[in-house]
Amino acid sequence: MMEKKFEDLRKVGSRLYKDIKEKIKKESETEDEWFYLNRFVYARLQLDEKMGKRKIKKELFHKNPFCYLCKKKFESMRGVEVHRKDNQRGYSESNCVLLHRECHEKIHSKKESIINRL
């Protein structure tokens, strides 16, 4: 899997989360400031992940513009979704495939039967 075990990573993540919460609390003089800083950090983390996914989506699309499940060619990048084959791993070219939105929904609705083919 990864260099560190999943449980070890959860411990590190929990410690980081606690540290960030304490720093946000320390920097906030009012509830509104706490809300703003908390929301800002949350939004930035989401944006970082979204930008990483967008980059991988473009790279995969240019290498192979076909849906991994139905094998049909994408007309454009609109409606194309990135799916991680192993949800214990991050977004990387080796761990991701491109799917039509409908095909992605099929995978998640029938996970046990379709996911094994990925």
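The values are calculated or read from the model by the stated rules, or taken from the named source; none is laboratory data. Since this is a predicted model, take the numbers as computed values, not measurements. Cβ sites come from the backbone with ideal geometry, for glycine too, and all protein chains shown count toward neighbours.
Every residue, every condition in (1) at pLDDT 95 or above; (2) surrounded by 14 or more Cβ atoms within 10 Å (Cβ to Cβ); (3) aromatic (Phe, Trp, Tyr); (4) not in a helix (DSSP H, G or I), yes or no:
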residue: Tyr36; (1), (2), (3), (4): yes, no, yes, no
residue: Glu49; (1), (2), (3), (4): no, no, no, no
residue: Ile56; (1), (2), (3), (4): yes, yes, no, no
residue: Gln88; (1), (2), (3), (4): no, no, no, yes
residue: Lys106; (1), (2), (3), (4): no, yes, no, no
residue: Ile115; (1), (2), (3), (4): no, yes, no, no
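Scanning region 60-81 for any residue that is under 19 Å from the mean Cα position of the chain (by Cα), assigned to a strand (DSSP E or B) and modelled with pLDDT of 95 or more turns up at least one such residue. Applying the set (1) at positive phi; (2) in contact with a strand residue (DSSP E or B) (Cβ under 6 Å, 6 or more places away or on another chain) to Lys71 leaves exactly one unmet item: (2). Without any contact (Cβ under 8 Å) to a residue 24 or more places away in the chain, more than 30 Å from His100 (Cβ to Cβ) and either aliphatic (A, V, I, L, M) or assigned to a loop (DSSP other than H, G, I, E, B) (or both), is that true of Leu16? Taking the combined requirement at face value, the residue satisfies it. Taking each residue of region 83-112 that is under 23 Å from His62 (Cα atoms) and looking for partners that are among the small types (Gly, Ala, Ser) and assigned to a helix (DSSP H, G or I) with beta-carbon atoms closer than 7 Å, six or more apart or interchain, yields Tyr91/Gly52.
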